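Below is one structure, written out as structure tokens; comments come after it.
Only the coordinates and a few stated rules stand behind these numbers; no lab work does. Not measured: the values here are computed from a predicted model. For neighbour counting, all protein chains shown are included, and Cβ atoms are generated from backbone atoms with ideal geometry for every residue, glycine included.
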Number of protein chains: 2
Amino acid sequence: MEKKKKFAVLLAGCGVFDGSEIHEATMTLYAIMKNQGEYEIFAPDIPQHHVVNHISGAEMNESRNVLVESARIARGKIKDLAQFESKDFDALIFPGGFGVAKNISNFAFEGVNCTVNPETEKAVKDMVQDGKPVGALCISPAIMAKILDKPVLTIGTDDETAQALESTGATHKKTGHGEVVVDPKYKLVTSPCYMLDANILHIAEGADAVVKEMLKLLE
Amino acid sequence: MEKKKKFAVLLAGCGVFDGSEIHEATMTLYAIMKNQGEYEIFAPDIPQHHVVNHISGAEMNESRNVLVESARIARGKIKDLAQFESKDFDALIFPGGFGVAKNISNFAFEGVNCTVNPETEKAVKDMVQDGKPVGALCISPAIMAKILDKPVLTIGTDDETAQALESTGATHKKTGHGEVVVDPKYKLVTSPCYMLDANILHIAEGADAVVKEMLKLLE
């Protein structure tokens, strides 16, 4: 029997408005197992930028930790991203959610002048250096435009975000539900998911399509 | 075109150890849409029993609200359970997680002598009264043994929990991954999910099987 391909899944909290988008994260784990892969989950041990009440949208007077909150999605089976080593994995994948743009980068506030969490940047660069595929859903491709030199990617159809990313030299391709863009140079696979007006069926479809393309790149 | 069957999904927080189990909740939403249903999400506006660090298992010195945290899974589209009316729905379903046994009941602490959140109890009783199916995953069937008179149900294979439930007059049937028990008297559909040593594929299978049986009861 062929050895299962091992994915690292990088989370950025727990909840669309201040962490990882929960449906995208869950459907990513599901897609990996459904396609005969296996996974370990990582998150950086850093404070969240803020905590958002997901009903009102208001900031709450609390502080939470990205690793501790991500552990909710991981059912406790999670590692500090500081322990990530590219040699242990075949592929690396990022679900979306504002946590990607608020916690593991500050793209939500600084746009393309953002900085990216150093452990996250190192994880992506090490995988690319090793010729291993990196997947990014929803808003996650935005940090790839910062980490990599002029990648080809998609965040769906949002012109403002697409133009911002193109201003870094990245090439943006418009996509619909479940569609993926593959950049063969970096083995970067992206799909818009909830960057479009999507439902949970579209998210399952998008996550599955990204994982399948990543596995093709490993054949 | 036939009108879509409308499910109410009742959440109890966000995270397996102090709220709703995230994979079960997400896979329940997915199963509903995949089977041509639609859903609205509810949770009671009550404090969580406690907040658990999902890495260490330790209680955290924080307080969180069940409705506000459940909104993370619902992406903000959630209603206070006080607004639930059985006439608006064809079916009611409960994902599992300790929130069911700590927040919307105290089964985790009091066992079969537990009390159940009154709005939750009313929602179940109203649906049963109206002859509409109720689904319960994982540990959720435990509260059905309290709310209903001698139902037939499953929580998987855990003898201690099964015996506790049978002490109320309920009939417990052992089940494996993806298997469901249907009690035709109450139109109660149960499946063990993470009450077994399960992975996310089993959860998707279990949620899908419960939703399909509930839809059969609506034919």
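Which value in nm describes the separation of the simple spin-label points at residue B:201 and residue B:38, placed 7 Å from the Cα toward the beta carbon?
3.4 nm
For labels at residue A:149 and residue A:59 in the simple 7 Å Cα→Cβ model, what's the distance in nm?
Spacing of the two 7 Å Cα→Cβ label points: 3.7 nm.
Treat each spin label as a single point 7 Å out from the Cα along the C-beta direction, and report the residue B:45 to residue B:218 distance in nm.
Here the answer is 2.7 nm between the modelled labels.
Go through region B:152-161 residue by residue and turn each phi into a ³J(HN,Hα) via Karplus (6.51, -1.76, 1.60, θ = phi - 60°); whole Hz please, and just put x for glycine and proline.
Each residue's phi maps through the Karplus curve to give 9, 7, 9, 10, x, 10, 6, 4, 4, 5 Hz.
Under Stokes-Einstein, with the Kirkwood radius over Cα pairs standing in for Rh, what whole-number D in µm²/s applies to region B:1-111 at 20 °C and 1.002 mPa s?
151 µm²/s
Across peptide A:68-80, what mean number of C-beta atoms from other chains lies inside 10 Å of a residue's C-beta?
Average neighbour count from other chains, rounded to a whole number: 6.
I need the calculated FRET efficiency for the pair residue B:129 and residue B:109, taking r as the beta carbon distance and R₀ as 35 Å, to the nearest 0.05.
E(calc), rounded to 0.05, equals 0.75.
How many Cβ atoms of partner chains, on average, are near each residue of A:2-15 if near means within 10 Å of its Cβ?
1
Identify, for chain A, the residue whose C-beta comes nearest the rotation axis onto chain B, and round that distance to whole Å.
Nearest Cβ to that rotation axis, in whole Å: A:26, 2.
Normalised by the number of residues in region A:6-217, what is the relative contact order in percent for Cα pairs under 8 Å and 6+ residues apart?
So the answer I get is 20 percent.
Just tell me the longest site-free run in chain B, where the sites are trypsin sites (Lys or Arg not before Pro) in a DSSP loop having at most 12 other beta-carbon atoms within 10 Å.
Between exposed loop sites, the widest span is B:78-184.
Nm distances between the label at residue A:199 and the same-position labels in the remaining copies, 7 Å along Cα→Cβ, shortest first?
3.0
Between the label point of residue A:47 and that of the same position in each other copy, find the distances and list them shortest first in nm, with every label point placed 7 Å from Cα along the Cα-to-C-beta direction.
Values, ascending and in nm: 2.4.
Show me the three semi-axes of the equivalent ellipsoid for chain B, from the C-alpha gyration tensor (sqrt of 5 times each eigenvalue), largest first, rounded to whole Å.
23, 20, 17
Along Cα→Cβ at 7 Å, what distances in nm separate the residue A:157 label point from those on the other copies, shortest first?
So the label point of residue A:157 gives 4.9 nm to the other copies.
Translational diffusion coefficient, Stokes-Einstein: compute it for the protein assembly as shown using the Kirkwood radius over C-alpha pairs as Rh, at 10 °C and 1.306 mPa s, and state it as an integer in µm² s⁻¹.
Taking Rh from Cα pairs, D becomes 73 µm²/s.
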